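Reviewing the structure listed below.
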Amino acid sequence: MITKEQFNEWKSNPTTQEIYKELEALKLSLQGLLGDGQTVGRSADETHSNTSMAVGHIKGINQLLNISFEDDENEESNE
């Protein structure tokens, strides 16, 4: 298991920060697709599938963007 210091070092690494910027850009792009109606297909099933896929990708990206050190939550609840 990594330490809090190692996690913070990784999170502040320029490469990590660049990846986070790219993930944020991808998330905004996917949100734009939804907002512009670009997930609408020829049938209701196709629209449902396209929209569900985009929403799933956004949720996954949010999980990555919101990653935190595991003990952060435990420390807050102990205070």
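Please treat every number below as a calculation from the coordinates, not as lab data. None of the values given here were measured: they were computed from a predicted structure. Virtual Cβ from ideal backbone geometry, glycine too; neighbours counted across all protein chains shown.
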Under a cut-off of 22 Å between alpha-carbon atoms, report the lysines in cross-link reach of K59, not counting same-chain residues fewer than 8 places apart.
K11, K21, K27
Which value, in debye to the nearest 20, gives the size of the charge dipole of the chain about its Cα centre, when Lys and Arg are +1 and Asp and Glu are -1 at the Cβ?
560 debye
For Q17 and E46, compute 0.36 nm times the residue count separating them, minus their Cα-Cα distance, and round to one decimal in nm.
6.9 nm
Fewest-first ordering of M53, M1 by Cβ atoms within 10 Å yields M1, M53
Taking 1 over the mean of 1/r across every pair of different Cα atoms in the chain, what Kirkwood radius in Å do you get?
14.9 Å
